[in-house]
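Participant: For reference, the structure I am asking about is given below.
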Amino acid sequence: MLKGKKIVVGITGSIAAYKACYMIRGLIKNGAEVQVVITPSGKEFITPVTLSTLTRKPVVSDFFSHRDGTWHSHVDLGIWADAMVIAPCTASTLGKMANGIADNMLVTTYLSMKAPVFIAPAMDLDMYAHPSTQHNIETLKRFGNTVIEPESGFLASGLEGKGRMEDPDIIVKTLDDFFSKWKSLSGKKILITAGPTYEKIDPVRFIGNYSSGKMGYAIAAECSKRGADVTLISGPVHLQCPSLVSRINVESCSQMYNEVTSRFNDCDAAILTAAVADFRPKKVADSKIKHTPTGLTLTLESTEDIAAALGRAKRKGQTLVAFALETNEEEAYAKSKLISKNADFIVMNSMKNKGTCFNSDYNQIEIITRNDKECFDKKTKAEVAIDIVDRLEQFINKEK
């Protein structure tokens, strides 16, 4: 699947820079065209002559040619490429990419990149484990980048642990696997809900939940990577919208219901990850309710059932995916929801799985259909999104 693909390879100042030669050779052997962009410190570890010999292209390092002043256009590279892979990627470059510090040609190329970006970190174990590095990695993931986790093993410092750049052959395979799915959802319109809803009690208080929106945003990013036209209806969250995804912000269940139901007919699929409030105050106070020793009684009413409404409206050729977060009798409730909402499959997760669900970067799910179920191990939400979208594609392809 790499044949004819244009790949920008970014190399930074790491002892693992020599491994980039093997990765470049693997990409070219599989038919890719490679353009190297290297940081100034990267040239301390591997020479542009070596890289140019492998790629048969001049290596780009500076903004201008020192010989004739020719400008190296990072914008043109961003348009030219089918993908960018930064391997090895140091902690310094991770930080610059996460915060938009465009002080070298590699970072400006990254910031101009229109194609998917793959990042293979390489550093000592303490640097990799440091909270600032992990924060930058999570930020880059939220931007829609794919992070190829480093290996554990013997490091240049003499220590042993996680931080070794992934094997070049595995990086090449990761790109090959990506292109096997690339544009697999091209032409499809996918509607996704994410995050919580807030149901007002008074001007300063609300009924809500702990949803961070991370699962829905990860699914939106994965669908977008596969070429889908994605609309994300989001409750109040503090997340960066994935690249090329159209985001519509809402607050209440009513607002989300109106946005979703008005768009569903034009979509090929809807994935309902949002943790929508089931109840709201029947009456919202016009001013702040004051504290009283006797307490407060609220009368609640049911909110709109978005999944049920879409299930009734679903026509032939559309796919509906609902989520079920349960605390007990998980599978029984999920199967009941599958039928009552007329969904094609349910993604079920449980509060019993520690370190998953609300506010976590991890999830552990079961996918339940009318005919079977599939259980998955605990994974990052980005990895879980791949499993969910893989199953979505099966349903969409079956409808063809």
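Participant: Which is assigned to a helix (DSSP H, G or I) and without any contact (Cβ under 8 Å) to a residue 60 or more places away in the chain, of Ile386, Ile346, Ile339?
Facilitator: Only one candidate qualifies: Ile339.
Participant: Being farther than 19 Å from Ser157 by Cα, open to solvent by 20 Å² or more (accessible area, probe 1.4 Å) and of a type in the set (Gly, Ala, Ser) is the requirement here; does Ser92 meet it? Write out each step before concluding.
Facilitator: Working: farther than 19 Å from Ser157 by Cα: no; open to solvent by 20 Å² or more (accessible area, probe 1.4 Å): yes; of a type in the set (Gly, Ala, Ser): yes.
No, not satisfied.
Participant: So how many residues does the stretch 163-185 have that are open to solvent by less than 10 Å² (accessible area, probe 1.4 Å) and either of a type in the set (D, E, K, R) or out of contact with any Cys (no Cβ under 9 Å at 6 or more places or on another chain) (or both)? Spell out the reasoning first.
Facilitator: Let us first name the residues in the stretch 163-185 that are open to solvent by less than 10 Å² (accessible area, probe 1.4 Å), namely 163, 165, 171, 175, 179, 185.
Okay, now just the ones that are also either of a type in the set (D, E, K, R) or out of contact with any Cys (no Cβ under 9 Å at 6 or more places or on another chain) (or both), so 163, 171, 175, 179.
Result for the stretch 163-185: 4.
Participant: Output the residues belonging to the stretch 137-162 that are surrounded by 14 or more Cβ atoms within 10 Å (Cβ to Cβ), small (Gly, Ala, Ser) and farther than 30 Å from Ser224 by Cβ.
Facilitator: Those that are surrounded by 14 or more Cβ atoms within 10 Å (Cβ to Cβ), small (Gly, Ala, Ser) and farther than 30 Å from Ser224 by Cβ: Ser157, Gly161.
Participant: Still on this structure, I have one more. Among the residues of the stretch 272-290, which ones are part of a strand (DSSP E or B) and not aromatic (Phe, Trp, Tyr)?
Facilitator: In the first step, residues of the stretch 272-290 are kept if they are part of a strand (DSSP E or B); the result is 272, 275, 279-281.
Once the filter is applied, which keeps residues that are part of a strand (DSSP E or B) and not aromatic (Phe, Trp, Tyr), the stretch 272-290 yields Leu272, Ala275, Arg280, Pro281.
Participant: Filter the stretch 283-292 for residues that are open to solvent by 40 Å² or more (accessible area, probe 1.4 Å) and either in contact (Cβ under 8 Å) with a residue 24 or more places away in the chain or within 22 Å of the chain's Cα centre (by Cα) (or both) and give the result. Write out each step before concluding.
Facilitator: Of the stretch 283-292, the ones open to solvent by 40 Å² or more (accessible area, probe 1.4 Å) are 283-284, 286-292.
Once the filter is applied, which keeps residues that are open to solvent by 40 Å² or more (accessible area, probe 1.4 Å) and either in contact (Cβ under 8 Å) with a residue 24 or more places away in the chain or within 22 Å of the chain's Cα centre (by Cα) (or both), the stretch 283-292 yields Val284, Asp286, Ser287, Lys288, Ile289.
Participant: Counting just the residues of the stretch 186-232 that are aliphatic (A, V, I, L, M) and over 16 Å from the mean Cα position of the chain (by Cα), which one comes out surrounded by the fewest Cβ atoms within 10 Å (Cβ to Cβ)? Give the steps one after another, and end with the answer.
Facilitator: Of all residues in the stretch 186-232, those aliphatic (A, V, I, L, M) come to 190-192, 194, 201, 204, 207, 215, 218-221, 228, 230, 232.
Right, trim to over 16 Å from the mean Cα position of the chain (by Cα) and you get 201, 204, 207.
Values: Ile201: 18, Val204: 10, Ile207: 19.
Step by step, filter the stretch 186-232, then rank; the result is Val204.
Yes or no, residue by residue, for (1) out of contact with any helix residue (DSSP H, G or I) (no Cβ under 7 Å at 6 or more places or on another chain); (2) exposed (fewer than 15 other Cβ atoms within 10 Å of the Cβ); (3) not small (Gly, Ala, Ser):
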| site | (1), (2), (3) |
| --- | --- |
| Glu301 | yes, yes, yes |
| Gln318 | yes, no, yes |
| Ala324 | no, no, no |
| Glu331 | yes, no, yes |
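Participant: Further question on the same structure: Scan the stretch 298-338 residue by residue and report those that are under 27 Å from the mean Cα position of the chain (by Cα) and polar (S, T, N, Q).
Facilitator: Matches in the stretch 298-338: Gln318, Thr319, Thr327.
Participant: Output yes when any residue across the stretch 41-48 is surrounded by fewer than 19 Cβ atoms within 10 Å (Cβ to Cβ) and within 26 Å of the chain's Cα centre (by Cα), and no when none is.
Facilitator: So in the stretch 41-48, the residues surrounded by fewer than 19 Cβ atoms within 10 Å (Cβ to Cβ) come out as 41, 43-45, 47-48.
Next, only the ones that are within 26 Å of the chain's Cα centre (by Cα) stay: none.
Checking the stretch 41-48: not a single residue is surrounded by fewer than 19 Cβ atoms within 10 Å (Cβ to Cβ) and within 26 Å of the chain's Cα centre (by Cα).
Participant: Which strands (runs of 3 or more DSSP E) sit wholly inside the stretch 173-218 and have at least 1 residues that are small (Gly, Ala, Ser) and closer than 25 Å to Thr356 by Cβ? Walk me through it before giving the result.
Facilitator: On the way: elements: 189-194, 199-202, 205-207.
Result: 189-194.
Participant: Looking at the structure I just gave you, is Ala17 of a type in the set (Gly, Ala, Ser) and in a strand (DSSP E or B)? Walk me through how you get there before you give the answer.
Facilitator: On the way: of a type in the set (Gly, Ala, Ser): yes; in a strand (DSSP E or B): no.
Against the criterion (of a type in the set (Gly, Ala, Ser) and in a strand (DSSP E or B)), Ala17 does not qualify.
Participant: With the condition kept exactly as written, say whether any residue in the stretch 194-207 is within 21 Å of Val9 (Cβ to Cβ) and free of Cβ contacts under 8 Å to residues at least 24 places away in the same chain. Let's see the steps before the verdict.
Facilitator: Going residue by residue through the stretch 194-207, those that are within 21 Å of Val9 (Cβ to Cβ) are none.
Taking every residue of the stretch 194-207 in turn, none turns out to be within 21 Å of Val9 (Cβ to Cβ) and free of Cβ contacts under 8 Å to residues at least 24 places away in the same chain.
Participant: Kindly provide the set of residues from the stretch 266-282 that are closer than 25 Å to Met348 by Cα and open to solvent by 30 Å² or more (accessible area, probe 1.4 Å), ordered by number. Talk me through it step by step, then tell me what you get.
Facilitator: Keep residues of the stretch 266-282 that are closer than 25 Å to Met348 by Cα, which gives 267-280.
Residues satisfying the conditions are Asp268, Val276, Asp278, Phe279, Arg280.
Participant: Let me ask something else about it. Being out of contact with any Phe, Trp or Tyr (no Cβ under 7 Å at 6 or more places or on another chain) and assigned to a loop (DSSP other than H, G, I, E, B) is the filter; apply it to the stretch 244-261 and report the residue that is surrounded by the fewest Cβ atoms within 10 Å (Cβ to Cβ). Show your work before the answer.
Facilitator: Here is the first cut: in the stretch 244-261, the ones out of contact with any Phe, Trp or Tyr (no Cβ under 7 Å at 6 or more places or on another chain) are 244-250, 253-261.
Narrowing the set further to residues that are assigned to a loop (DSSP other than H, G, I, E, B) leaves 244-245, 250.
Working: Leu244: 16, Val245: 20, Val250: 21.
That would be Leu244.
Participant: Counting just the residues of the stretch 120-136 that are open to solvent by less than 40 Å² (accessible area, probe 1.4 Å) and of a type in the set (Ser, Thr, Tyr), which one comes out farthest from Ser224 (Cα to Cα)?
Facilitator: Filtering the stretch 120-136 for residues that are open to solvent by less than 40 Å² (accessible area, probe 1.4 Å) and of a type in the set (Ser, Thr, Tyr), the one farthest from Ser224 (Cα to Cα) comes out as Tyr128.
Participant: Take the stretch 350-400 and flag every residue that is modelled with pLDDT of 90 or more, over 19 Å from the mean Cα position of the chain (by Cα), of a type in the set (S, T, N, Q) and open to solvent by less than 60 Å² (accessible area, probe 1.4 Å).
Facilitator: Thr369
Participant: Is it the case that some residue within the stretch 335-347 is open to solvent by less than 30 Å² (accessible area, probe 1.4 Å) and within 30 Å of Ile201 (Cα to Cα)? Spell out the reasoning first.
Facilitator: We begin by selecting, within the stretch 335-347, every residue open to solvent by less than 30 Å² (accessible area, probe 1.4 Å); these are 338, 343-347.
With within 30 Å of Ile201 (Cα to Cα) added as a condition, the list becomes none.
No, that holds for no residue.
Participant: Going through Lys188, Lys181 one at a time, which residue ends up being at pLDDT 95 or above, closer than 27 Å to Leu239 by Cα and charged (D, E, K, R)?
Facilitator: Details: Lys181 fails: at pLDDT 95 or above.
That would be Lys188, the only listed residue that is at pLDDT 95 or above, closer than 27 Å to Leu239 by Cα and charged (D, E, K, R).
Participant: Here's something else I'd like to know. Quick check on Arg280: is it free of Cβ contacts under 8 Å to residues at least 40 places away in the same chain, within 26 Å of Glu326 (Cβ to Cβ) and not aliphatic (A, V, I, L, M)? Full working, then the answer.
Facilitator: Details: free of Cβ contacts under 8 Å to residues at least 40 places away in the same chain: no; within 26 Å of Glu326 (Cβ to Cβ): yes; not aliphatic (A, V, I, L, M): yes.
Against the criterion (free of Cβ contacts under 8 Å to residues at least 40 places away in the same chain, within 26 Å of Glu326 (Cβ to Cβ) and not aliphatic (A, V, I, L, M)), Arg280 does not qualify.
The values are calculated or read from the model by the stated rules, or taken from the named source; none is laboratory data. Every value quoted in this text rests on a predicted model; they were computed, and no experiment measured them. Because the Cβ atoms are built from the backbone with ideal geometry, glycine has one as well, and the counts that use them run over all protein chains shown. Keep in mind that these areas ignore ligands, DNA and RNA; they rest on the heavy atoms of the full protein, side chains included. Shrake-Rupley method; radii C 1.70, N 1.55, O 1.52, S 1.80 Å.
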